[in-house]
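First comes the structure, then the notes that go with it.
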Amino acid sequence: MKKILLITLLLTTAIFAKLNIATTYNYLGEVTKAIGGNLVKVDVLANPKLDPHFITPKPSLIGKLRREDILIINGGQLEIGWLPPLLKSANNGKINSGGSGFLDVSGVVTLIDKPKNVSRAYGDVHPDGNPHFATDIHNIIPIAKLISMKLSIIDPSHKSTYEANYKSFATKMEDLTKKLKTQYQSCKGKKVVQYHELFNYALNAYGVEDIGNIEPLPGITPSSKHTLELINSMREQNVKTILQDVYHEKKTAKFIADKTGAKVSIVPQDVGAVDGADDLESFYKMVAQRICQ
Ligand SMILES: [Zn+2]
């Protein structure tokens, strides 16, 4: 009798065991929940209100990483400054690079802004090109497809559910892409500056021109010389919008705004970075609205 009970218990646990999945960023968590539904349990490692390049690794994350079946990362070196030591401590072969549960979604994106010289030596945090592709909605459907394929490989018994969830996610995002196209139409040809190159994929897709950045190179603190040059370029080209993120200092943007009459627009770089951008739909709408305003 005891044996039968034990077997029943084991079977039940096996049937209802969810896949444990960690994603580095919130947007990946949202996509994974949309594809996995109640078959997955998702842990997001990074706080979206902090610099995605330099997350402070909390020791509690190591325990989570030990238990995960799958780890989904952005890639393009965005996690290089904080994830490797966590993975080393967690020592979970399944989710290390090359493990069956490891997924780097940058493989489905063609990275732009590749540096002409290898400038990592000078502190450039985008040595392989721009890793902030998730701020453009055009990249989210291929990423979702990749996640759905990974979940189907790890958990083939639910392949049809993952595929169906992917299809309804893709339809929803295609509808939103159409709406955003209309929204971005109003700012085609507009010129902006950014603090960090967070929005180049969307700017390129919708014909908005980034004439310069507050950082001299990605990851490098602004210098007075560079700031004055940027102010001059903005004056010459009549640029009235500064795209600022939530996590960099805001003093420099305010100084530039005072000198040029430009407006500082706080734009979310991930789901949850700014209040009101709490899911993928509201995130993409807010990015469009704040770039175009
Ligand atoms: Zn960056």
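The values are calculated or read from the model by the stated rules, or taken from the named source; none is laboratory data. These numbers were taken from a predicted model, which means no experiment stands behind them. Every residue, glycine as well, gets a Cβ built from its backbone with ideal geometry; the counts of neighbours run over all protein chains shown.
Observations on the model:
So that you can scan it fast, the table gives a plain yes or no per residue for (1) within 26 Å of I72 (Cβ to Cβ); (2) within 16 Å of the ligand (Cβ to nearest atom); (3) crowded, with 17+ Cβ neighbours inside 10 Å:
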position	(1), (2), (3)
H158	yes, no, yes
T161	yes, no, yes
K178	no, no, no
K188	no, no, no
P218	yes, yes, yes
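- Restricting attention to segment 83-138, the residues being crowded, with 20+ Cβ neighbours inside 10 Å, within 16 Å of the ligand (Cβ to nearest atom) and farther than 21 Å from N47 by Cα number 1.
Quick grid of which residues meet (1) under 19 Å from K49 (Cβ atoms); (2) part of a strand (DSSP E or B); (3) in the same structural domain as K49 (by TED's automatic domain parsing):
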{"site": "D210", "(1), (2), (3)": "no, yes, no"}
{"site": "I220", "(1), (2), (3)": "no, no, no"}
{"site": "V239", "(1), (2), (3)": "no, no, no"}
{"site": "F255", "(1), (2), (3)": "no, no, no"}
{"site": "V271", "(1), (2), (3)": "yes, no, no"}
{"site": "E281", "(1), (2), (3)": "no, no, no"}
{"site": "V287", "(1), (2), (3)": "yes, no, no"}
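- Set side by side, the residues G63, G36 differ, and just one is more than 15 Å from the ligand (Cβ to nearest atom), more than 17 Å from the chain's Cα centre (by Cα) and within 19 Å of S152 (Cβ to Cβ), which is G36.
- Test for A202: is it assigned by TED's automatic domain parsing to the domain that holds K263, within 16 Å of the ligand (Cβ to nearest atom), among the hydrophobic types (A, V, I, L, M, F, W, C) and assigned to a helix (DSSP H, G or I): yes
- Within segment 206-225, residues that are closer than 23 Å to L180 by Cα have Cβ atoms under 7 Å from residues that are within 11 Å of the ligand (Cβ to nearest atom) in these pairs: D210/Q194; D210/N200, counting only partners at least 6 apart in sequence or on another chain.
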